[in-house]
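As structure tokens, the structure follows; a few thoughts come after it.
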Amino acid sequence: MAEIGKDIHRAKQLLTEGQLVAIPTETVYGLAANALNDKAVLEIFKAKSRPHFDPLIVHVASLAQAETLSSSFPEKAKALAQKFWPGPLTLLVPKKETVPDIVTSGLNTVGLRCPDHVLTLQLLQSLSFPLAAPSANPFGYVSPTTPQHVNEQLGDKVAYILDGGECRVGIESTIVGFENEQGMVLRLGGLAIENLEAFTGPLHVQLHSNSNPHAPGQLQSHYAPGKKIILGTQAQLRAYTHLHAGTIMFQHALPGVAPNQQIILSPGGDLEEAAQHLFAALRTLDKTAIDVILAELVPEHGLGRAINDRLRRAAY
Ligand code: AMP
Ligand code: MG
């Protein structure tokens with residue numbers, strides 16, 4: 001098991017030595033290494049059993065640092081960074097040669113994000129290099145939102161877990177790419193598309209690409225627990241209550257299933273609260289002695305779109 005603590009200096013020391021440290025962000029916990037050190041980055045891929053075609057997001061302390069990693073930062077990307085960073089938004093921009101190919105899976109763009117978490121921002125500000133950090137879970141599994149989640153699965157592969165408590169947003173960042181100065185959403189995430197579009201105008205959304213996974217967030221099966229998941233509305237899920245099931249419901253329990261097998265994401269019907277609790281709920285039910293998880297689709301607006309996206313990929 002890894003050491004868990006709040007010691008930024010220790011995290012800094014380990015990262016500077018080229019080791020892996022799990023870091024808190026507002027979205028999910030990341031498995032971080034010096035993004036400019038090929039060898040250190042390779043350890044991330046090994047620890048996660050992550051295929052090399054799946055590029056990593058690079059975390060920076062500021063827009064100024066982001067600009068040092070890009071050969072030409074699009075004006076539209078800059079405007080988005082100024083508006084939404086620090087925050088759950090990843091921008092794909094042309095990369096500079098200094099960013100190793102292993103980080104970007106050979107692509108000529110790099111995914112950059114400034115995370116909104118006080119400990120990790122302090123850490124990033126104290127470092128002389130940016131941090132490559134995908135979610136701190138084995139490839140394809142549910143992302144971690146607490147230090148304990150990280151420890152359970154990668155505890156023997158990471159030197160230190162920086163404890164920033166439970167993640168506030170709870171689902172991964174929204175990813176925006178640019179083609180001919182035109183913004184395009186490649187992954188729904190913790191920044192609601194309505195908030196983005198209020199600033200940018202209508203954005204094209206392209207979420208699926210199995211042949212060319214620009215963002216493996218784009219693979220149809222991802223974020224998946226081991227157990228079978230059945231998705232539906234309350235009414236549709238009632239058809240399955242004869243199964244040995246646990247549920248993940250939005251506001252109200254599902255009649256016909258024992259209350260102690262049910263997780264209600266947000267009794268008050270708050271999509272942000274639901275997003276924050278979603279991944280922990282999947283993990284809990286994955287460990288419960290049931291045969292199947294019945295999961296209710298949530299309203300398709302705001303963070304609800306990202307929640308449903310994750311549920312569909314988890315169920316695929
Ligand atoms: P994770 O942090 O595990 O959610 O994964 C990071 C996501 O960002 C992956 O799905 C990547 O495909 C995506 N990503 C990172 N860099 C790039 C890039 N240069 N081009 C396209 N997608 C990227
Ligand atoms: Mg991931």
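Residue separation of ARG238 and ARG10 scaled by 0.36 nm, minus their Cα-Cα distance, works out to 77.0 nm of gained length. Electrostatic bookkeeping for ILE230 treats Lys and Arg as +1 and Asp and Glu as -1; over the other residues with beta carbon under 13 Å from its beta carbon, the sum is +2.
If the chain linking PHE139 and HIS52 were pulled fully straight, counting 0.36 nm for each residue of separation and taking away their Cα-Cα distance, it would gain 30.2 nm.
The stretch 2-56 to the stretch 102-126: how many Å between their Cα centroids? Each part's Cα centre sits 11 Å from the other's. Taking LEU123, LEU191, LEU237 as the candidate residues, the one with maximal mean-square fluctuation in a Gaussian network model of the chain, Cα springs under 10 Å, is LEU237. The value of relative contact order for the chain, using C-alpha pairs under 8 Å at least six residues apart, is 20 percent. Under the simplified labelling scheme, the ASN180-ASP101 pair shows an inter-label distance of 2.9 nm, with each label point 7 Å from Cα along Cα→Cβ. Is the stretch 224-289 best put as rounded, prolate or oblate by its Cα gyration tensor, with a ≥ b ≥ c the root eigenvalues, rounded for a/c under 1.5, and otherwise prolate when a/b is larger than b/c, oblate when not? Oblate is the answer for the stretch 224-289, as a/c is 1.5 or above yet b/c matches or exceeds a/b.
Please work out, to two decimal places, the log10 of the ratio I(q)/I(0) at q = 0.11, 0.15, 0.17, 0.21 Å⁻¹ from a Debye calculation in which every Cα of the stretch 161-316 carries one identical scatterer. Debye output, listed in q order: -0.46, -0.81, -1.00, -1.34.
Near the amide H of THR25, within less than 5 Å, lie the amide hydrogens of GLY30, all on another chain or at least 5 residues away, with H placed in the peptide plane. Its Cα gyration tensor gives the chain an equivalent ellipsoid. The semi-axes, each the square root of 5 times an eigenvalue, are 32, 23, 17 Å from largest down. Straight-distance candidates among the aspartates and glutamates for linking to LYS228, with alpha-carbon spacing under 17 Å and chain neighbours fewer than 8 residues away dropped: ASP286, ASP291, GLU296, ASP309. Annotation: amide H-H contacts under 5 Å for ARG187 (H modelled 1.01 Å from N, sequence separation of 5 or more, or interchain): ILE175.
Electrostatic tally near HIS117: other residues with Cβ closer than 15 Å to its Cβ, Lys and Arg +1, Asp and Glu -1, net -2. Go ahead and set up a Gaussian network model of the chain, Cα springs under 10 Å, then flag whichever of HIS149, HIS59, HIS244 fluctuates most. Taking springs between Cα atoms under 10 Å, the residue moving most is HIS244. Just checking the listed ones, THR200, THR247, THR109: in the Gaussian network model of the chain with Cα springs under 10 Å, the one fluctuating most is THR200.
Peptide packing: for 112-120, 260-268, the average count of neighbouring Cβ atoms within 10 Å per residue gives the ranking 112-120, 260-268, highest mean first. Working note: Karplus 6.51/-1.76/1.60 with θ = phi - 60° gives the stretch 136-153 the couplings 8, 9, x, 3, x, 8, 5, 6, x, 10, 9, x, 5, 4, 5, 4, 4, 9 Hz, where Gly and Pro are set to x.
Each of ARG187, ARG50, ARG168, ARG238 was scored by other Cβ atoms within 10 Å of its Cβ. Listed from fewest to most, they are ARG238, ARG168, ARG50, ARG187. Computed over the stretch 1-104, the range of Cα coordinates on each principal axis works out to 44, 28, 21 Å, biggest value leading. Taking the Cα centre of each part, how many Å lie between the stretch 68-94 and the stretch 286-316? Distance between centres, Cα-based: 30 Å.
Taking the DSSP bridge list for the chain and keeping only pairs wholly inside it, about 40 percent are antiparallel.
Positive end of the dipole of the chain (Cβ unit charges, origin at the Cα centre): among PHE178, SER128, ALA258, the Cα lying farthest that way belongs to ALA258. Full extension of the segment from LEU42 to PHE199, taken as 0.36 nm per residue of separation minus the current Cα-Cα distance, would add 52.8 nm.
Since every read-out is calculated from the coordinates, none of them should be taken as a lab result. As the structure is a computational prediction, the values presented were derived from the model and not from experiment. Cβ: placed from backbone, ideal geometry, glycine included. Neighbour counts: every protein chain shown.
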